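Input: one structure, supplied below.
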Amino acid sequence: MKREGKKFNLHRTKLSIFLGIAYFAMIAGFTAYVFMPKSADASSEERLYIPSIGLIARVRDIERTGNQLISPDTIAGAYQPTNHKTVIIGHSSTVFKDLKNVSSADTLTFDNKSYKITSREIIEKNSVDMGQIVSETDTPTLILMTCYGEPLGGQDYSHRLVLTAKEV
């Protein structure tokens, strides 16, 4: 097949099409990587997924220190005080930066189980009742907690955002 003034090269055309597709795939892959929710590193394989805010995070087990649960710096920490309850905490400046956007109707997945948010509370820091938060429940319950409100200095804030979710 000939064109006027130029010789048509089928192999060159195929190569151009292949390179165009490869370039498009590379750009699409890079874009997906950049805009995909990021996971944080942790030693645990438990994962917390909240689709409404695009959160995908690994969760590391943590221990209670006195009356406090100390949150890891950049990932979420889970404390299981009873068979049916798990408390997950994280900093509002890192892993839980968008937790304030979760509503009472949202669902989430933790450790391959689905949960539905049943309550959303903003509690003054000094009024948080950790005894109530870690108390036994009859049904599998997940508590998500992070700082909220006015900065007090360091990484502390005036209030806590506490979300309660029940397994569905």
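Which of Phe110, Phe24 has the fewest other C-beta atoms within 10 Å, and how do the rest follow up to the most?
Starting with the residue having the fewest Cβ neighbours, the order is Phe24, Phe110.
Next question, about the same structure. Give me the Å³ per residue figure for the convex hull around the C-alpha atoms of the stretch 47-167.
That works out to 98 Å³ per residue.
Working out 0.36 nm times the residue gap between Glu121 and Thr107, then minus their Cα-Cα distance, what length gain in nm do you get to one decimal?
Separation in residues times 0.36 nm, less the Cα-Cα distance, equals 3.4 nm.
Cβ neighbours within 10 Å, averaged per peptide: list 74-80, 86-92 in order, most packed at the top.
86-92, 74-80
Oh, and also: Set the Förster distance to 45 Å, then compute FRET efficiency between Ser135 and Ile21 from the Cβ-Cβ distance, nearest 0.05.
Result of the calculation: an efficiency of 0.20.
Could you calculate the FRET efficiency of Ser52 with Lys166 from 1/(1 + (r/R0)^6), where r is the beta carbon distance between them and R0 is 25 Å, rounded to 0.05?
Using R0 = 25 Å, I get an efficiency of 0.90.
What aspartates and glutamates sit close enough to Lys85 to cross-link, taking a C-alpha to C-alpha distance under 18 Å and skipping anything fewer than 8 places away on the same chain?
Straight-line reach from Lys85, under 18 Å: Glu46, Asp61, Glu63, Asp111, Glu121, Asp129, Glu136, Asp138, Glu167.
What is the set of long-range amide H partners of Asp106 at a cut-off below 5 Å, with H atoms built 1.01 Å from backbone N?
So Asp106 has HN proximity to Ile117.
Per residue of the stretch 114-120, what does 6.51 cos²θ - 1.76 cosθ + 1.60 with θ = phi - 60° give for ³J(HN,Hα)? Whole Hz please, x for Gly and Pro, Karplus curve as stated.
8, 10, 10, 5, 10, 8, 9
Also: How large is ³J(HN,Hα) for each residue in the stretch 140-145, as worked out from phi by the Karplus curve 6.51 cos²θ - 1.76 cosθ + 1.60 (θ = phi - 60°), to whole Hz, x for Gly and Pro?
Per residue, the Karplus-derived 3J(HN,Hα) values read x, 10, 10, 10, 10, 9 Hz.
Per-residue HN-Hα couplings for the stretch 85-90, Karplus 6.51 cos²θ - 1.76 cosθ + 1.60 at θ = phi - 60°, whole Hz, x for Gly and Pro?
Along the stretch 85-90, the couplings run 9, 10, 9, 10, 10, x Hz.
Before anything else, pin down the relative contact order of the stretch 47-167: Cα pairs under 8 Å, at least 6 apart, normalised by residue count, whole percent.
It rounds to 25 percent for the stretch 47-167.
FYI, it's all coordinate maths here, none of it is from the lab. Just so it is clear, the model here is predicted, and its values are computed rather than measured. Glycine also receives a Cβ, built like all others from the backbone with ideal geometry; neighbour counts cover every protein chain displayed.
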